[in-house]
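First comes the structure, then the notes that go with it.
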Amino acid sequence: MVLATHVDTDTILAAADELAEMIRRSDECRSYWSARDKMERNPRAQRLFDELKKKTNGLWTLRDRLGESHEKYLRMKQEIDDLWERLYEIPVALQYKAAQDELNALVQEVVEVILANLHGTLPVERGPRMCGSGGCSGGCGGSCHASAGA
């Protein structure tokens, strides 16, 4: 299929920049930054998130080295689950996670719409981090728990 109108790379990238700016001005982004600000002012929640981030990175290393059925992996996974339970007791942590999940979902949906519109005309494939609706529960292995920014 040949397109009748030529669009150069610079025009495409400018449109991508405009789309990124629209996301930055979205309600989801505004909610994320507000929730993040509240999180950063809660030392207990921040400490738990920092610990969670370290343990999650360690979990991936253990999974890659030892496998998901190894005792060390399972013990670390339980520690992470316990950290999440403690975090869920803190309202600002729940707000932060919800806002982060909503922003991740918006970005993921934009990517999915682009891929869906290209499907059938271009051989695009889903990448390793594009396996779900975004956010932490997608199971892609993406680092979303306590990530620093969006």
Give the relative contact order (percent, whole number) for the stretch 1-84; include only Cα pairs under 8 Å separated by 6+ residues.
-> 18 percent
Under a no-solvent Debye model with one identical scatterer per Cα of the stretch 15-76, what's log10 I(q)/I(0) at q = 0.15, 0.16 Å⁻¹?
-> -0.71, -0.74
The stretch 1-49: which trypsin sites (Lys or Arg not before Pro) are DSSP loop and have at most 10 other beta-carbon atoms within 10 angstrom?
-> Arg25, Arg41
Give the accessible area for Tyr73 in Å² (nearest 10); use a 1.4 Å probe, count only protein heavy atoms, and leave out ligands, DNA and RNA.
-> 20 Å²
Relative to the present Cα-Cα distance, how much length would full extension add between Ala14 and Asp64 at 0.36 nm per residue of separation?
-> 14.1 nm
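The values are calculated or read from the model by the stated rules, or taken from the named source; none is laboratory data. Since the structure is predicted, the reported quantities are computational estimates derived from the model, not experimental observations. Positions of Cβ are generated from backbone atoms using ideal geometry, with glycine treated the same way; all protein chains shown enter the neighbour counts. Note: areas computed on protein heavy atoms with side chains; ligands, DNA, RNA excluded. Shrake-Rupley method; radii C 1.70, N 1.55, O 1.52, S 1.80 Å.
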